[in-house]
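The values are calculated or read from the model by the stated rules, or taken from the named source; none is laboratory data. Note that this is a predicted model, so its numbers are computed, not measured. Here the Cβ positions follow ideal geometry from the backbone for every residue, glycine too, while neighbour counts run over all protein chains shown.
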Amino acid sequence: MKGLFIVIDGLGGSGKTTQLALLKKRFGKNALFTHEPGGAPRAERIRNILKSGKGPKPDPLTDFFLFWAARAEHMSRGIVPALRKGKLVICDRFDSSTFAMQIRGDEQKNSEKLFWQCREHTLADNKPNLYIILDTPAALARSRRKSRRGEDRFDERKGTYQRRVRTGYLEFAKRMGTRAIVVDASMPVLEVHEKILELIQKVRS
Ligand code: TMP
């Protein structure tokens, strides 16, 4: 029996955390809730390196490989074993973030081919069944982030970067065809939640 793999992604401040908390209430222990970067012990160590703003600015290619390294570990230690047990896996961010942030946000067009190769090699037959992309204008996402919890080194980058990231998510969703749905996250919280539940039920049935 193979489980179901669902990704919830979008700009920081798109309401992802709120929506994931509502999904946790709904599915509880019947699902594995996980996140990226992280989700496995070594991947969490890579997360600490990635999130730290200390030291000189990292080369964008370093970030790119670290996100894929963390993901390889997360796949083999967390996601794939859960899918093999037939679990519903709900992941906060995934490779959609790498495409949006490292390829489009950081304007690393020359790594785009490598992105698709890493995707094929790392995910193989365990690609997400559905990506739910919570879409919000970059300015609204930023004001939500600021009122909430402060920003990490990716969040605090300027508006032009955030706008490229948003376009990156939309482009990624388009490339995924029916495996990705963009949800207008500027709708009221409960409406977004209902929409997400409807999408999950549809892919489960
Ligand atoms: P978060 O877990 O608080 O969302 O922090 C993760 C940060 O890492 C967030 O700013 C988004 C960023 N990120 C990328 O830049 N690329 C990726 O592939 C992933 C998964 C996250």
Quiz item: Any idea how many residues of the range 86-114 are of a type outside the set (F, W, Y) and farther than 16 Å from I6 by Cβ?
Solution: 16
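Yes or no, residue by residue, for (1) crowded, with 22+ Cβ neighbours inside 10 Å; (2) hydrophobic (A, V, I, L, M, F, W, C); (3) modelled with pLDDT under 95:
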{"site": "G13", "(1), (2), (3)": "yes, no, yes"}
{"site": "P41", "(1), (2), (3)": "no, no, no"}
{"site": "P56", "(1), (2), (3)": "no, no, yes"}
{"site": "F67", "(1), (2), (3)": "yes, yes, no"}
{"site": "A72", "(1), (2), (3)": "no, yes, no"}
{"site": "I79", "(1), (2), (3)": "yes, yes, no"}
{"site": "G86", "(1), (2), (3)": "no, no, no"}
{"site": "I90", "(1), (2), (3)": "yes, yes, no"}
{"site": "M101", "(1), (2), (3)": "yes, yes, no"}
Exercise. State which residue is surrounded by the most Cβ atoms within 10 Å (Cβ to Cβ) when the search covers only the range 120-141 and only residues that are over 14 Å from the mean Cα position of the chain (by Cα) and in contact (Cβ under 8 Å) with a residue 24 or more places away in the chain.
Key: A141
Self-check item: Among residues of the range 172-205, those that are buried (at least 16 other Cβ atoms within 10 Å of the Cβ), assigned to a helix (DSSP H, G or I) and touching a Lys or Arg at 6+ places or on another chain (Cβ under 8 Å), counted
Solution: 0
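Within the range 112-157, count every residue that is part of a loop (DSSP other than H, G, I, E, B) and within 14 Å of the ligand (Cβ to nearest atom).
10
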Quiz item: Which residues, counting only those in the range 63-92, are within 16 Å of Y131 (Cβ to Cβ), within 11 Å of the ligand (Cβ to nearest atom) and either β-branched (V, I, T) or touching a Lys or Arg at 6+ places or on another chain (Cβ under 8 Å) (or both)?
Solution: D92
Quiz item: Which of the residues spanning the range 53-76 are more than 18 Å from A100 (Cβ to Cβ), free of Cβ contacts under 8 Å to residues at least 40 places away in the same chain and assigned to a loop (DSSP other than H, G, I, E, B)?
Solution: K54, G55, P56, K57, D59
Quiz item: Under the condition of being touching a strand residue (DSSP E or B) at 6+ places or on another chain (Cβ under 6 Å) and among the aliphatic types (A, V, I, L, M), which residue from the range 29-62 is farthest from the ligand (Cβ to nearest atom)?
Solution: A31
Quiz item: Restricting attention to the range 142-171, which residues are of a type in the set (S, T, Y), at pLDDT 85 or above and either touching a strand residue (DSSP E or B) at 6+ places or on another chain (Cβ under 6 Å) or closer than 12 Å to S14 by Cα (or both)?
Solution: Y169
Quiz prompt | Condition met for E194 (farther than 19 Å from G12 by Cβ and away from the ligand (no atom under 16 Å from the Cβ)) | solution = yes
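Do we find that F115 is hydrophobic (A, V, I, L, M, F, W, C), in contact with a Phe, Trp or Tyr (Cβ under 7 Å, 6 or more places away or on another chain), in contact (Cβ under 8 Å) with a residue 12 or more places away in the chain and surrounded by 14 or more Cβ atoms within 10 Å (Cβ to Cβ) in this structure?
Considered against the rule, which asks whether it is hydrophobic (A, V, I, L, M, F, W, C), in contact with a Phe, Trp or Tyr (Cβ under 7 Å, 6 or more places away or on another chain), in contact (Cβ under 8 Å) with a residue 12 or more places away in the chain and surrounded by 14 or more Cβ atoms within 10 Å (Cβ to Cβ), F115 comes out as yes.
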Practice problem: Take the range 9-28 and flag every residue that is more than 11 Å from the ligand (Cβ to nearest atom) and on the phi < 0 side of the Ramachandran plot. | Solution: T18, Q19, A21, L22, L23, K24, K25, R26, F27
